[in-house]
Amino acid sequence: MLNRIPSRIPAEMQAPVDANGAIHMRLTAILYGGEGTNLFEFRTLDGRSVPKFTAGAHVDVNLPNGTIRQYSIASSQADRSRYLLGIKLEEQGRGGSRFLYEQVRVGSVLKIGLPRNNFALNENASSSVLIAGGIGITPILCMIDRLQALGRDFRLHYAVRMRTEALLAEIDEGDRRIHLHVDAEQDGRLLDIAAIIAGAPPDAELYCCGPAPMLVAFEAACAGRPSARVHLERFSAPDNVAASDGAYTVELAKSKRTLTVRPGQTLLQALQAAGLNVKVSCEQGICGTCETRVLAGIPDHRDMILSEEEKASNETMMVCCGASLTPTLVLDL
Ligand code: FES
């Protein structure tokens, strides 16, 4: 299981956070996870505790090339000495993992954002079923660690194509609650998510993190389950979700400016064209970096972060992909 290095640092000695909500951290080790995946260990510069996080959380990693990427924390939430981030080298990705693999060395100092959690664990559930595909195991390792610490009932189904890809050092195959499914050892058969969900207790909390087809199968299998018990974490949006239809006006309360968003233009494009320094990362509505308070108007929510209740409340929106359903939208920018 995960290396639980007990923190010898008093919890109150937490690393200072800068004005942008980030701390400077040093990459102290790169550990081999499985084929194509490394575990990047970050610690504070002065040995103080990392900011508190809960199982399922991720952090923004600010790369020296100006991009921001989110990576889930794999290490135990009880271990405040470090963040251990599982990062797969995505050859066809947007370049974040390639930069980390090729340009960042042990000893490098990067700005790491405060942990955020869009994939929170229900610690009080009587049972939990967790399904991970490939690198989707990363947040789930932290969740399993927490469930074990709490003595809660759980089942983990971890699917990989090849055994060599699995983060074998991080799971205990001898634990009957943990099931490793290797496609290549099953004649290429994929994990039967429908059967897993059908066999889960009616009150089980259901979690899935993995590639898009796995999430589609998971959502279909969970169709009859209460939505509050169904949790998933996406790596990417299914499509380009950014709204760009219709014209509307955006009033920026803090900067006391008014912008017009033209048809064919996204809200983010309009904000950036006006010189607004909006913090964005995924630009797909899946990370929460750009969440902005809505002061008036009704947003056209296109993100996959806010719950239906949160969307209906219209208190915040993701400006990277959302738009306005009313002629005017007033934002706290
Ligand atoms: S930048 Fe990720 S949700 Fe907007």
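Report Rg/Rh for the stretch 127-233, rounded to two decimals, where Rg is the Cα radius of gyration and Rh the Kirkwood radius. My calculation puts Rg/Rh at 0.93. Size descriptor for the stretch 96-146, Kirkwood hydrodynamic radius: 14.0 Å (Cα pairs only, one decimal). Which aspartates and glutamates have a Cα lying under 19 Å from the Cα of K311, excluding residues fewer than 8 positions away in the same chain? Leaving aside aspartates and glutamates fewer than 8 places away in the same chain, those within reach of K311 are E233, E283, E291, D300, D303, D332. Relative intensity of the chain on a log10 scale, I(q)/I(0) at q = 0.12 Å⁻¹, equals -0.90, per a Debye sum over C-alpha point scatterers of equal strength in the absence of solvent. Taking each residue as 0.36 nm, the span from Q148 to V216 lengthens on full extension beyond its C-alpha to C-alpha distance by 21.7 nm. Counting only lysines at least 8 places from K256 when in the same chain, those with an alpha carbon closer than 22 Å to its own are K279.
Per the Debye calculation on the stretch 60-192 with a single equal scatterer at every Cα and no solvent contribution, log₁₀ I(q)/I(0) for q = 0.18 Å⁻¹ amounts to -1.11.
Qualifying trypsin sites (Lys or Arg not before Pro) in the stretch 136-245, where qualification requires a DSSP coil assignment and no more than 12 other C-beta atoms within 10 Å, comprise R176, R189. Per-residue extension of 0.36 nm, minus the Cα-Cα distance of Y32 and D46, leaves a gain of 2.5 nm for this segment. The length gained on full extension between A296 and S313, counted as 0.36 nm times the residue separation minus their Cα-Cα distance, comes to 5.0 nm.
Electrostatic bookkeeping for R293 treats Lys and Arg as +1 and Asp and Glu as -1; over the other residues with beta carbon under 11 Å from its beta carbon, the sum is -2. Charges were assigned to the Cβ only: +1 to each Lys and Arg, -1 to each Asp and Glu. The resulting dipole of the stretch 22-113 about its Cα centre is roughly 300 debye. Using only side-chain charges placed at the Cβ, +1 for Lys and Arg and -1 for Asp and Glu, the dipole size of the chain relative to its Cα centre rounds to 920 debye.
Sites count as exposed loop sites when they are GluC sites (Glu not before Pro), lie in a DSSP loop, and have at most 12 other Cβ atoms within 10 angstrom; the longest stretch of the chain without one is 174-333.
Here, each number is a calculation from the coordinates, and none is a lab measurement. Quantities reported herein were computed from a predicted structural model and do not represent experimental measurements. Positions of Cβ are generated from backbone atoms using ideal geometry, with glycine treated the same way; all protein chains shown enter the neighbour counts.
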